[in-house]
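Colleague: To start, I am sharing the structure in question, which I have written as structure tokens.
The values are calculated or read from the model by the stated rules, or taken from the named source; none is laboratory data. The structure displayed is predicted, hence computed values, not measured ones. Here Cβ is always computed from backbone atoms with ideal geometry, including for glycine, and neighbour counts include all displayed protein chains. Accessible surface areas use protein heavy atoms only, side chains included; no ligands, DNA or RNA. Shrake-Rupley method; radii C 1.70, N 1.55, O 1.52, S 1.80 Å.
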Amino acid sequence: MHKDLDYVMFDQETISRRVEEMGRMLTEEYAGKSPVLLCIMKGSLVFTADLMRHLDLPCTLESITLSSYRDMATRPGAIEVASPVNLDLTGRDVIILEDILDTGKTLSFTLNLLKLQNPASMKLVVLLDKPSRREAPVEADLVGFTIPDAFVVGYGLDYDQKYRNLPCIGVLKPSVYS
Ligand code: 5GP
């Protein structure tokens, strides 16, 4: 275990098994279609990379960069579009891939932005869901794991841009924040 972690919430094997299962579910659901995977950077990069390799579909890949957590803060700030949406999703079946659904503010903003593009369908797939923190009325169509109110890092998720490369998902020691 990484020295800065207090505990591991999901180990590499558990994540891998669940992501594979999610891939199988999406493959069945989108049979005969060519969905576009929309990776919300940077947190969903690792999840997207693993999930897409379990999709037996002719899919394409796009990304959008947004941020709601600035600098070192672990509480959400204003959402900003760091890279503009210049995608053409008109008539496409869009699968939005997000690392974590927390207050829902980021995804509520993103979904409204994407709807303007008139996709044929939109499905929200999140690796982690923290339902107890929800402030905006957003629900995912497919969730990897439902978790309690804890700030997690690893498997793409960061604290101060670090720990994204940890293969597991865990909670940092309180001393890391001080
Ligand atoms: P929301 O808008 O739902 O509150 O926040 C979504 C974004 O906040 C996520 O995409 C993620 O970047 C960040 N976030 C929310 N909870 C956590 C967490 O527990 N750990 C990390 N590293 N980021 C989080």
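Colleague: Every residue in segment 1-52 that is part of a loop (DSSP other than H, G, I, E, B) and farther than 14 Å from L97 by Cβ, please.
Modeller: First, the residues of segment 1-52 that are part of a loop (DSSP other than H, G, I, E, B): 1-4, 11, 30-35, 42-44.
Matches in segment 1-52: M1, H2, K3, D4, D11, A31, G32, K33, S34.
Colleague: Tell me which residues, restricted to segment 90-109, are of a type in the set (A, V, I, L, M) and at pLDDT 95 or above. Write out each step before concluding.
Modeller: Pass one, segment 90-109, residues of a type in the set (A, V, I, L, M): 94-97, 100-101, 107.
Answer for segment 90-109, where residues must be of a type in the set (A, V, I, L, M) and at pLDDT 95 or above: V94, I95, I96, L97, I100, L101.
Colleague: Of all residues in segment 138-154, count the ones that are within 10 Å of the ligand (Cβ to nearest atom), in a loop (DSSP other than H, G, I, E, B) and buried (at least 16 other Cβ atoms within 10 Å of the Cβ).
Modeller: 2
Colleague: Right, next: When the residues of segment 101-137 are filtered to those that are open to solvent by less than 30 Å² (accessible area, probe 1.4 Å) and part of a strand (DSSP E or B), which remaining residue is farthest from the ligand (Cβ to nearest atom)?
Modeller: That would be V125.
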